[in-house]
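Reviewing the structure listed below.
The values are calculated or read from the model by the stated rules, or taken from the named source; none is laboratory data. Quick caveat, the model's predicted, so the values are computed rather than measured. So basically every Cβ, Gly included, is an ideal-geometry build from the backbone, and we count neighbours across all protein chains shown.
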Amino acid sequence: MRQRLIPLLIALLLALPAGLACAESQDVPISSLVPTYRQQRATMIINQALEHFHYREMTLDDGFAEWIFEKYLEALDPNRSFFLQGDFDRFEHTAHRLDDDLTQGRLDAAFEIFRLYRQRVDERVRLALSLLDAGFDFKRQESYRFDRSEAERARKRTELDEIWRKRVKNDWLGLRLSKQQENKIPGLLRRRYQGLARRIRQFDSDDVFRTFINAYTESLEPHTSYMSPSTSENFDISMRLSLEGIGAVLRGENEYTVVQRTIPGGPARQSGLIHSGDQIVGVAQGKGGVMEDVIGWRLQDVVDKIRGPKGSVVRLQIQPKSSGSDGATREISLVRNEIRLEDQAAKSYLIDNIDTVPRVRIGVIEIPAFYRDFRAESKGNKDFRSTTQDVRGLIRRLKRQGVDGIVVDLRSNGGGSLTEATALTGLFIDTGPIVQVKDAFGKVEVETDPDPGILYKGPLAVLVDRNSASASEIFAAAMQDYGRGIIIGEPTFGKGTVQTLIDLNRFVPKQEDDLGRLRLTVAEFFRISGGSTQLRGVVPDIAFPTMSDSDDHGERALDNPLPWAKIEAADYARVSLSGGEIRSLRQRSEKRIRRDPGFDMLTAQEQVLRELDDQTVASLREWDRRIESKRRERVLKDQRNAFLRTQGIDPVDENTDDVDQDALEKQQEIIARIQVKEAARILADAIRLGSPGRPRSAMRD
């Protein structure tokens, strides 16, 4: 199933105080949905910025213009539920002149398309509301294609009417399966559909412009985006405030708000109840506020409801990814809080019960993010908090505890400071290059170890997963290229590009109106061996069987990402285990994993999630949906409980209202360390074979 990702600009936007949330606004007259002179000026400047400063060379020709046109219609109607094929054909001629229009700053076609879209939304909502009074027969054998992102557009109005009949029936059935009271379902759906139409009618000229321009920029590359003046203002406010909120990065996918990832130290991560891929379907304020259905809402509108001041309560209605669209929802109460640096800080612990002869002791260092207290540093505080400073202290403590090897755990580390990625690498190598950065003009700069000398010379492994990104990939790639450590886990995210913010007003100094800003991709990271971390990420030396296909995740799942590329390798000296030793370690690991109940559970979970990802059609027969939901739930629960009992733990059901939070945290910790323990066993095996990644100078110690 092709993913439609429209990421929120930055997780910090969840930090804004509730007072900044948009008030309920009035319908915008359709006659006012026309381009302004300010927007025309901004368009021409954006053209120049993309042409001269973007990393990917751009040619604004007919072919590129057609792609922009399709991306714009996709942004408005991602599930192909509003526009007819005739609407598409009507505007297709627009695509052939869109390049000329953009060059001259003309935006009339984009606004004409949006005005028709608004009309089509009103028509569909009227039909949906009329269907609520009749009710549905849920014993009838029929199905609904809920993911129409790659389906053919309806050619006739009657065909689209049938699609919407099934959509409304599916929405009704989904609420029944979520144990919603039957007599409340029509009212809830009525408010959902009316809200959809109302929000589209509240789009003003700037909203239309931003939607179109982002379709334009994302046609070039997925990480380039336009921030309107209001979005820029929110961004500035978020950067000035302490990071307060629930700590989650969200994305819009079709008409749902999906959790992309949770932030270390944030309430969402600490609750243990919100996971990547979960859908937020409802939001309520305080302990007694009314739960608002947010399906079909714009992403920023959902964020406005979720964010708020420290200490306030927000309740979320979550559709867990593992339950699918036909499973029960879960209500979660979170206290918004400041996400402090120490909550994201690196931590360490020991694994000393590995069954090896002779016995070995492995230290584990968890690094949730690459952080650096720039404010304290700018004030001249030499003891400012940073990833490298913290890890330095943890390594010294582990060495005092007599560890034989160290595992660096970078799972779900989305990156952060490049400075910290290079400095951290320097703790494990003597001197040399760490990463290469190539800009849009072809200039390559090499970032080197800032601190000659090695703090830790011993055996090392690095554990990564599909959510290890950016700075994490730089560190893991350097360790792999030097042969300094064994890379274990899953192929990483694959984001190897660099973005910067460009203030459009700087190009027109006397411009009175704010033109907004452009988030622009300007460079690419390359490994010291010459290959990019872009798209392919870092492929582990020893891969776990928990991710059978990496093409539907990370950068590889985005539309039109920059391709993998290669430049000349930097000058560096490599030390490593032989290929035969790696094969031996891999074979030993595979043998253990085949009889490990923990990996049985992780593999079963991955299989269920993959089935859900691949599913595009759902039965509208209630009995079939319930049977399928119970089957998935039984598979997941049985595997989890079987594993926990092997660990001497009584399973805790996180879906109960009176869940024991301490017991739940203990259970989650045991599950989270399944992969860590196997990484430790692999490192223990390597220690018996030799010293993995140990520099030759260290061999003489």
Q) Restricting the search to the range 502-525, which residues are modelled with pLDDT under 90 and under 21 Å from Leu418 (Cα atoms)? A) none
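Looking at Phe203, is it part of a helix (DSSP H, G or I), in contact (Cβ under 8 Å) with a residue 60 or more places away in the chain and either aromatic (Phe, Trp, Tyr) or touching a Cys at 6+ places or on another chain (Cβ under 7 Å) (or both)? Please lay out each step first, then the result.
Working: part of a helix (DSSP H, G or I): no; in contact (Cβ under 8 Å) with a residue 60 or more places away in the chain: yes; either aromatic (Phe, Trp, Tyr) or touching a Cys at 6+ places or on another chain (Cβ under 7 Å) (or both): yes.
Taking the combined requirement at face value, the residue does not satisfy it.
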Q.
Show me the strands (runs of 3 or more DSSP E) found entirely inside the range 423-479 where at least 1 residues are over 24 Å from Ile582 (Cα atoms) and free of Cβ contacts under 8 Å to residues at least 12 places away in the same chain.
A. 444-448
(Q) Residues that are modelled with pLDDT under 90 and not acidic (Asp, Glu): does the range 611-628 have at least one? (A) yes
**Q.** Members of the range 24-64 that are closer than 28 Å to Phe203 by Cα, more than 28 Å from the chain's Cα centre (by Cα), of a type outside the set (S, T, N, Q) and part of a helix (DSSP H, G or I)
**A.** Ile30, Tyr37, Arg38, Arg41, Ala42, Met44, Ile45
Q) Going through the range 139-154 one residue at a time, which ones are surrounded by 13 or more Cβ atoms within 10 Å (Cβ to Cβ), closer than 12 Å to Leu84 by Cα and either free of Cβ contacts under 8 Å to residues at least 60 places away in the same chain or not small (Gly, Ala, Ser) (or both)? A) Arg153
**Q.** Filtered residue count, the range 473-495, keeping only those that are crowded, with 23+ Cβ neighbours inside 10 Å, at positive phi and more than 20 Å from the chain's Cα centre (by Cα)
**A.** 0
Q: Please go through the range 312-356 and pick out each residue that is at pLDDT 75 or above and under 30 Å from Leu683 (Cα atoms).
A: Ala345, Ala346, Lys347, Ser348, Tyr349, Leu350, Ile351, Asp352, Asn353, Ile354
Q. Restricting the range 662-692 to residues that are of a type outside the set (Ser, Thr, Tyr) and outside any helix (DSSP H, G or I), which is nearest to the chain's Cα centre (by Cα)?
A. Arg673
Q. Considering only residues of the range 496-538 that are outside any loop (DSSP other than H, G, I, E, B) and polar (S, T, N, Q), which is surrounded by the fewest Cβ atoms within 10 Å (Cβ to Cβ)?
A. Thr500
Q: For the range 211-223, indicate whether the set of residues that are at pLDDT 90 or above, out of contact with any Gly (no Cβ under 6 Å at 6 or more places or on another chain), buried (at least 21 other Cβ atoms within 10 Å of the Cβ) and of a type in the set (Asp, Glu) is non-empty.
A: yes
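Condition test on Arg594, is it out of contact with any helix residue (DSSP H, G or I) (no Cβ under 8 Å at 6 or more places or on another chain) and on the phi < 0 side of the Ramachandran plot? Working first, answer last.
Details: out of contact with any helix residue (DSSP H, G or I) (no Cβ under 8 Å at 6 or more places or on another chain): yes; on the phi < 0 side of the Ramachandran plot: yes.
When the stated conditions are applied, Arg594 passes them.
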Q: Would you mention how many residues in the range 586-602 are within 17 Å of Lys321 (Cβ to Cβ) and surrounded by fewer than 17 Cβ atoms within 10 Å (Cβ to Cβ)?
A: 0
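From the list Phe146, Phe209, which one is under 33 Å from the mean Cα position of the chain (by Cα) and farther than 16 Å from Glu255 by Cα?
Details: Phe146 fails: farther than 16 Å from Glu255 by Cα.
Just a single option satisfies the conditions, and that option is Phe209.
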(Q) Consider the range 286-308. How many of its residues are over 30 Å from Lys637 (Cβ atoms), in a loop (DSSP other than H, G, I, E, B) and charged (D, E, K, R)? (A) 2
Q.
Tally up the residues in the range 355-400 that are farther than 23 Å from Ser468 by Cα, buried (at least 17 other Cβ atoms within 10 Å of the Cβ) and touching a residue at least 60 places away in the same chain (Cβ under 8 Å), please.
A. 1
**Q.** Residue match in the range 509-519 (condition: under 24 Å from Glu57 (Cβ atoms) and free of Cβ contacts under 8 Å to residues at least 12 places away in the same chain)
**A.** no
Q.
For the structure I just gave you, tell me whether Phe83 is modelled with pLDDT of 90 or more, surrounded by 13 or more Cβ atoms within 10 Å (Cβ to Cβ), over 22 Å from Ile200 (Cβ atoms) and not assigned by TED's automatic domain parsing to the domain that holds Asn560.
A. no
Q: Just one of (1) crowded, with 18+ Cβ neighbours inside 10 Å; (2) modelled with pLDDT under 85; (3) not in a strand (DSSP E or B) trips up Ser242, so point out which.
A: (1)
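Residues that are more than 30 Å from Ala284 (Cβ to Cβ): list the strands (runs of 3 or more DSSP E) wholly contained in the range 309-408 that include at least 3 such residues. Before you say what the answer is, go through the steps one by one.
Working: elements: 313-319, 330-335, 347-351, 362-366.
The strands (runs of 3 or more DSSP E) meeting that bar are 347-351, 362-366.
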(Q) Looking only at the range 600-620, count every residue that is out of contact with any Leu (no Cβ under 9 Å at 6 or more places or on another chain) and within 17 Å of Arg466 (Cβ to Cβ) and tell me the total. (A) 9
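Restricting to the range 100-118, give me the number of residues that are touching a residue at least 40 places away in the same chain (Cβ under 8 Å) and either buried (at least 16 other Cβ atoms within 10 Å of the Cβ) or more than 32 Å from the chain's Cα centre (by Cα) (or both). Outline the logic, then answer.
Within the range 100-118, the subset touching a residue at least 40 places away in the same chain (Cβ under 8 Å) is 102-108, 110-111, 113-115, 117-118.
Now drop any that are not either buried (at least 16 other Cβ atoms within 10 Å of the Cβ) or more than 32 Å from the chain's Cα centre (by Cα) (or both), which leaves 102-108, 110-111, 113-114, 117-118.
The qualifying residues number 13.
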